[in-house]
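Scroll down for the structure; my scribbles are underneath it.
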């Protein structure tokens, strides 16, 4: 049985491999752009994908299809390993929901496959665990 960390690492490894395959690079200055740019096919041009990322226009569809497949495999792995609630708890922590008391960023990140009620249930369960743990240390 895989852990949530195993599945997230597999996903990140797949994303890293895809980034390399499509020749995506990141640059936050002209100097970095020149240093990091990947070769283009004749007639192709670079496009910005946001957040400092660039790639050949001819590779955008390959990237989008690749990300879609990676996300599909990630969701399948979560389901097969019965880690849906652990994934919600991970993302609640990652988006600091227990500090802010807000779950909207977590909901947005998780996507439409997750309901507000489902995320709130995990939020309340995990928060109760934190409170009990804090009470034991006092």
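The values are calculated or read from the model by the stated rules, or taken from the named source; none is laboratory data. If you're wondering where the values come from, they're calculated on a predicted model, not measured in any experiment. Using ideal geometry, Cβ is built from the backbone for each residue, glycine included, and neighbour counts are taken over all protein chains shown.
Can you pull out every residue in region 108-124 that is out of contact with any helix residue (DSSP H, G or I) (no Cβ under 9 Å at 6 or more places or on another chain) and exposed (fewer than 13 other Cβ atoms within 10 Å of the Cβ)? Can you show your working first?
Taking region 108-124 and keeping what is out of contact with any helix residue (DSSP H, G or I) (no Cβ under 9 Å at 6 or more places or on another chain), we get 108, 112, 117, 120, 124.
108, 112, 117, 124, listed by residue number.
Select, from 62, 105, 44, the only residue that is in the same structural domain as residue 126 (by TED's automatic domain parsing), on the phi < 0 side of the Ramachandran plot, surrounded by 12 or more Cβ atoms within 10 Å (Cβ to Cβ) and at pLDDT 95 or above.
105
For every residue, the table says whether it meets (1) within 19 Å of the chain's Cα centre (by Cα); (2) touching a residue at least 12 places away in the same chain (Cβ under 8 Å); (3) under 24 Å from residue 113 (Cβ atoms).
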{"site": "43", "(1), (2), (3)": "no, no, no"}
{"site": "58", "(1), (2), (3)": "no, yes, no"}
{"site": "68", "(1), (2), (3)": "yes, no, yes"}
{"site": "72", "(1), (2), (3)": "yes, no, yes"}
{"site": "77", "(1), (2), (3)": "yes, yes, yes"}
{"site": "81", "(1), (2), (3)": "yes, yes, yes"}
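Suppose we filter region 98-115 for residues that are within 14 Å of residue 87 (Cα to Cα) and more than 19 Å from the chain's Cα centre (by Cα); how many remain?
Qualifying residue count for the region: 0.
When you check residue 67 against the structure, is it in the same structural domain as residue 11 (by TED's automatic domain parsing), surrounded by 12 or more Cβ atoms within 10 Å (Cβ to Cβ) and at negative phi, yes or no?
yes
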